[in-house]
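Structure first, then comments.
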Amino acid sequence: MAFPKVLCLVVLLSASVMCGPPYPIPPFDCPTLPNPGQASNVRQLRAGNIKVVMAMGDSITAGFAMKGHLPEDFLEYRGHVYSIGGDKSQITIPNWLGHYAKDVQGAAKGDTRPLIKGAWLDAAVSGARIEEMPPQVEYLVNTLRTEYNDTVDFENDWKLLTLFIGANNICPSCTNSSHGWPTTFESSLRQTLDKIHAEIPRVFVNMLTIFNISGVWYAGQTKLYCRELWQHVTQNECGCLTTGNETDLLLMDMHSVWFNAITEKVAAEYAALGDPEFTTVAQPGVSGFDIPFFGEHYLSDLDCFHPSLWANQAFAFQIWNNMFQPVGRKSSTVDIHNMTILCPDENSYIQ
């Protein structure tokens, strides 16, 4: 039928909106695997061993503005978030894990109003900084022990926790705010991991490193709507970004590098503890994401700042692949010339 194609072309010409991602994620067509049996060590987890998915972070992990259009869609699309979303047919890690494990618990469904203090086992709160992660750990523990008490064996089920935080610490970094100090980031990160280690049994922690936020500015400058929005409406959403000052943007990127180095160092230290029921791995899958190259269509149509649905799909693809790539050989961005989903086999461990 030609009508949808014609309509798509009209929208494309009139509103500069694309009808599909320029680099679509391939279908997930990995073969199923036999039940792996119970794992006794966190370093020997297969995809089928994961019973619970959890996530912590800020508005990115809450899915804010992922699909929104002004003025009606001021929402958090948690069910579509790459790390924790469970909406049907969405490209998310929980949905792909469900290919190997029956009845994975914790995935978020649908949407929520902004700024709620978590939903399902997505503890993310829009606007959160690294200093505010310990309360998110408490949220997960409380929710597991109450809402999931009948479906999750708190002590014995294996849990996958994805932590992605730091953007709201980087945004004021050009002001010398203590929020942006690398020492603040490191001390708060250690406090968070100590709390996870002490309070959540049997957990594998994905610790994501962050992309250069300055790329959001350069991608957004290609669209008049974004330029006007940042200048007149959302100039305080990420203060050091929306100034457009080259020095401010460079300083933000320097903080990304510092934060990522801290994340990698701290993840390695906690992994070295050798606890058979707890480990941490730095997953660099989105840290090299070249936002200007992928373009403004990977940014929210609502605020030109948050990752769009397409970006979340790319994030899911990257972090999934990271989970089956050895430390030291993990990819840091989407290779548009090799869009291959890594399919685990019976000998593949999450790492």
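The values are calculated or read from the model by the stated rules, or taken from the named source; none is laboratory data. Every value quoted in this text rests on a predicted model; they were computed, and no experiment measured them. Note that each Cβ is placed from the backbone with ideal geometry, even for glycine, and that neighbours are counted across all protein chains shown. What goes into the accessible areas is simple: the full protein's heavy atoms, side chains included, and nothing from ligands, DNA or RNA. Shrake-Rupley method; radii C 1.70, N 1.55, O 1.52, S 1.80 Å.
Values for this structure:
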| read-out | value |
| --- | --- |
| Violating pairs (Cα-Cα greater than 28 angstrom) within the set LYS109/LYS265; LYS51/LYS195; LYS223/LYS265; LYS51/LYS88; LYS195/LYS265; LYS102/LYS265 | LYS109/LYS265; LYS223/LYS265; LYS102/LYS265 |
| Accessible area of TYR139 in the full protein assembly, 1.4 Å probe (Å², nearest 10) | 50 |
| Accessible-area value, LEU115, 1.4 Å probe, nucleic acids and ligands omitted, Å² | 110 |
| Computed [θ] at 222 nm, deg cm²/dmol, the chain (DSSP H ≥ 4; -39,500 (n - 2.57); rounded to nearest 500) | -10500 deg cm²/dmol |
| Vicinal HN-Hα couplings computed from phi for the range 47-52 (Karplus, 6.51 cos²θ - 1.76 cosθ + 1.60; Hz; Gly/Pro x) | 3, x, 7, 6, 9, 9 |
| Cα gyration tensor category, rounded, prolate or oblate, for the range 177-219 with a/c compared to 1.5 | oblate |
| Sparse-neighbourhood loop sites, GluC sites (Glu not before Pro) in the range 147-223 - DSSP loop, at most 16 other Cβ within 10 angstrom | GLU147, GLU155 |
| For the range 259-273, Karplus couplings with θ = phi - 60° (6.51, -1.76, 1.60), whole Hz, Gly/Pro x | 4, 5, 4, 5, 4, 5, 5, 5, 4, 5, 5, 6, 5, 5, 4 |
| Share of Cα-Cα pairs in the range 147-238 lying beyond 15 Å, as whole percent | 73 |
| Relative contact order computed over the range 77-236 (Cα-Cα under 8 Å; 6+ residues apart), in percent | 17 |
| Under the Karplus curve 6.51 cos²θ - 1.76 cosθ + 1.60, θ = phi - 60°, whole-Hz ³J(HN,Hα) for the range 300-306, x wherever Gly or Pro sits | 4, 6, 7, 10, 6, 10, 6 |
| Amide proton proximity set for GLN283, modelled H, under 5 Å, gap of 5+ | MET207, LEU208, THR209 |
| Inter-site label distance for LYS102 and ASP290 at 7 Å from Cα along Cβ, in nm | 4.6 |
| Carbon + sulfur, % of accessible area of the range 142-202 - ligands and nucleic acids excluded, 1.4 Å | 44 |
| Separation of alpha-carbon centers, the range 239-315 and the range 168-203, rounded to whole Å | 14 |
| Among beta bridges that DSSP assigns inside the chain, antiparallel share in %, nearest 5 | 15 |
| Binned Cα-Cα distances of the chain, short to long, each 20 Å bin given as a whole percent | 31, 59, 10, 0 |
| Accessible surface of the range 278-351 [probe 1.4 Å, protein heavy atoms]: carbon and sulfur percent | 48 |
| Among PRO134, PRO26, PRO307: highest mean-square fluctuation, GNM of the chain, C-alpha pairs under 10 Å | PRO26 |
| Two-site label geometry, THR340 and ASP150: point separation in nm, points 7 Å out along Cα→Cβ | 4.5 |
| Residues with amide H under 5 Å from that of PHE64, placed H, sequence gap 5 or more | TYR77 |
| The range 21-96, accessible surface, carbon-and-sulfur percent (1.4 angstrom probe) | 52 |
| Neighbour count of at most 15 Cβ within 10 Å plus DSSP loop: longest trypsin sites (Lys or Arg not before Pro)-free window in the chain | 118-328 |
| Cα centroid of the range 68-132 to Cα centroid of the range 210-225, whole Å | 24 |
